[in-house]
1. Regarding E203, is this residue touching a residue at least 40 places away in the same chain (Cβ under 8 Å), over 15 Å from F234 (Cβ atoms) and more than 25 Å from the chain's Cα centre (by Cα)?
2. Which residues, taken from segment 226-256, are buried (at least 20 other Cβ atoms within 10 Å of the Cβ) and either among the hydroxyl-bearing types (S, T, Y) or out of contact with any Asp or Glu (no Cβ under 8 Å at 6 or more places or on another chain) (or both)?
3. Please enumerate the residues belonging to segment 51-70 that are touching a residue at least 60 places away in the same chain (Cβ under 8 Å), surrounded by 13 or more Cβ atoms within 10 Å (Cβ to Cβ) and of a type in the set (S, T, Y).
4. Can you tell me which residues in segment 157-177 are free of Cβ contacts under 8 Å to residues at least 60 places away in the same chain and either more than 21 Å from the chain's Cα centre (by Cα) or not in a helix (DSSP H, G or I) (or both)?
5. Just to be sure before I move on: is N83 touching a Ser or Thr at 6+ places or on another chain (Cβ under 8 Å), away from the ligand (no atom under 16 Å from the Cβ), closer than 30 Å to S163 by Cβ and in a strand (DSSP E or B) in the structure I sent?
6. For segment 310-329, how many residues meet the condition of being at pLDDT 70 or above and either among the charged types (D, E, K, R) or surrounded by 11 or more Cβ atoms within 10 Å (Cβ to Cβ) (or both)?
7. Please tell me if R251 is within 13 Å of the ligand (Cβ to nearest atom) and on the phi < 0 side of the Ramachandran plot.
Amino acid sequence: MAEIDVDRYQGPLREATPNGHVGFDSLPDQVVNKATNNGFCFNILCIGETGIGKSTMMNTLFNTSFDDDPRPHDLPGVRLRANSYELQETNVRLKLTIVDTVGFGDQVNKENSYRPIVDYIDQQFEAYLQEELKVKRNLHDYNDSRIHACLYFIAPTGHSLKSLDLVTMKELVEKVNIIPVIAKSDTISKEELQQFKFKIMSELLSAGIQTYQFPTDDQSVSALNAKMNSLLPFAVVGSMDEIKVGNRMVRARQYPWGTVQVENDAHCDFVHLREMILRTNLEDLRSTTHTKHYELHRRNKLREMGFNDDAQSNNFNLQEVYENKRVEHQRNMQDKEDEMRQTFVARVKEKENELKEAEGQLHEKFESLRKRHTDDKRRLEERRQALEDEMSAFIQRKNTVEMQQSQSKKGLPKK
Ligand code: GDP
């Protein structure tokens with residue numbers, strides 16, 4: 001395209017003050033209204049072994065009893081199960097999708113347990129990319145299924161992370177915002193918990209796993225977020241059971257020796273988790289997913305497709321990239337066709353040889369049968385001949401005997 005010559009002012013941006021109210025100060029309200037009307041979506045992935053408290057935590061977090069079918073415990077591998085719900089608070093609608101990792105940690109061989117999770121996350125990125133690349137795309141109404149937050153449930157062992165945890169987090173860290181939590185933290189003492197938290201963070205650090213950090217660049221939340229970052233991983237307790245404390249009902253877990261209140265920050269970090277992911281950083285989780293994790297996926301995919309920024313600076317031409325892609329595709333198709341033809345010819349030859357071999361075997365069998373038949377016939381003929389000779393000798397003997405008998409009868413004197 002020919003470049004148009006434009007007279008553009010190059011100096012610093014000049015200030016201009018309207019003489020009266022123009023009305024563009026309503027822009028933030030317009031944005032909020034539009035977003036509120038559209039509704040929001042939030043997708044959470046829960047990773048953790050069966051029975052670690054994932055479903056209970058989701059119910060506790062959203063103060064809802066989500067419907068879900070019972071999960072089997074004897075699957076041969078990990079399966080992901082996504083359930084979507086429509087929630088509403090005042091006039092804000094939230095489409096929430098909870099993805100559970102059914103069967104995670106249940107198998108004896110856990111080597112590839114992370115694979116279905118990685119594939120699921122990639123598939124959601126890929127679906128978004130495909131929509132983005134369409135000529136007639138519809139990102140406005142797009143049903144975004146990309147994972148915004150991954151709650152990683154660590155078993156409250158008090159020792160260290162399991163190798164399955166380290167491997168899985170390492171595979172996922174570039175793809176999703178990981179928020180590690182210590183599950184069922186009411187089962188571990190306060191002192192052990194502090195040591196366990198410290199141990200987990202140092203293990204993650206030495207494995208080079210940088211989990212999601214609450215952002216500290218926005219001054220209004222930086223102090224809170226920085227404090228919360230230092231409390232990670234959150235030690236959580238989940239429960240929907242209510243008990244009466246003073247004159248109000250609180251959610252808690254009751255034991256013979258006492259009560260653990262879920263929303264009491266002296267008992268566990270549940271309120272911090274809820275505050276951080278739902279009340280303060282929900283939008284940051286959504287935007288980080290788009291600008292960091294999805295961006296990385298998109299960049300890698302576009303590079304694979306032959307686009308890159310170097311080409312752009314060297315007078316990048318979409319037509320050229322398309323043409324190269326087309327030629328490469330044709331070459332691949334040609335290679336595939338040649339390969340198929342060669343395979344076909346080889347198979348035909350193989351079949352021909354097999355048939356020839358079978359024919360030879362049949363021929364041999366026929367020959368041996370024919371020979372056996374001729375031998376049998378010859379043997380029978382010989383036996384028949386022998387029998388005939390025997391018979392004629394017998395008849396001869398019989399005649400001789402009969403003759404001798406009649407002669408001797410004639411020669412006897414009459415009485
Ligand atoms: P999931 O398989 O990971 O979804 O686990 P569930 O949420 O179904 O919980 C399994 C069991 O653990 C249930 O009996 C829960 O009541 C119990 N549980 C859930 N959260 C906690 C917790 O924070 N502390 C304790 N002690 N038990 C919990």
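The values are calculated or read from the model by the stated rules, or taken from the named source; none is laboratory data. This structure is a prediction, so every number in the text was calculated from the model and none was measured. Backbone-built Cβ (ideal geometry, glycine too); neighbour counts: all protein chains shown.
1. Details: touching a residue at least 40 places away in the same chain (Cβ under 8 Å): yes; over 15 Å from F234 (Cβ atoms): yes; more than 25 Å from the chain's Cα centre (by Cα): yes.
Here the answer is yes, as E203 does meet what is asked.
2. Across segment 226-256, the qualifying residues are L232, P233, G238, S239.
3. T56, T60
4. Passing the criteria: T157, G158, H159, S160, L161, K162, V173.
5. Numbers: touching a Ser or Thr at 6+ places or on another chain (Cβ under 8 Å): yes; away from the ligand (no atom under 16 Å from the Cβ): no; closer than 30 Å to S163 by Cβ: yes; in a strand (DSSP E or B): yes.
When the stated conditions are applied, N83 does not pass them.
6. 8
7. Criteria met by R251.
A quick yes/no check of all residues on (1) within 16 Å of the ligand (Cβ to nearest atom); (2) assigned by TED's automatic domain parsing to the domain that holds H267; (3) outside any loop (DSSP other than H, G, I, E, B):
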| position | (1), (2), (3) |
| --- | --- |
| E191 | no, yes, yes |
| F196 | yes, yes, yes |
| I209 | no, yes, no |
| F214 | no, yes, no |
| G238 | yes, yes, no |
